[in-house]
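Notes follow once the structure below has been shown.
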Amino acid sequence: MDFIEAIHNTPDVAGCLQPGLQALQPAERAKITVSNTRELKGSVDIDACTKVKYPVEPRWDYVIGFQEFVYYVEFHPAYAKEVNQIPMVAAMAK
């Protein structure tokens, strides 16, 4: 399953896929450099897309598909040991 299929098959974020990096806020988008934008599969603002359903749960800010990779992104200071406190989008974690 590729990135786009996984997003479309994950009910919590199915309608939230944006082309390229468009799901990111402009100031945050400016912090990411992509060597070949044609290889971007899309992006999802997980936080905005799921905050109504999970208002008090920890949520990733964004997920980005690039080439065959999936990147979960946070734009604030954190410690590596805290990564496991935020669950992955179910279909993407498999």
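The values are calculated or read from the model by the stated rules, or taken from the named source; none is laboratory data. Nothing here was measured: the structure is a model prediction, and the numbers come from that model. Virtual Cβ from ideal backbone geometry, glycine too; neighbours counted across all protein chains shown. Each accessible area value is taken on the protein alone, full model and side chains, heavy atoms only, with ligands, DNA and RNA left out. Shrake-Rupley method; radii C 1.70, N 1.55, O 1.52, S 1.80 Å.
The table for this structure:
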| read-out | value |
| --- | --- |
| Solvent-accessible area, 1.4 Å probe, carbon plus sulfur percent, for segment 21-76 | 51 percent |
| Simple label model, 7 Å out from Cα along Cβ direction - Arg38 to Asn9, nm | 2.8 nm |
| Heavy-atom accessible area per residue - segment 8-64, 1.4 Å, Å² | 62 Å² |
| Three-way shape label, segment 3-81, alpha-carbon gyration tensor, a/c 1.5 | oblate |
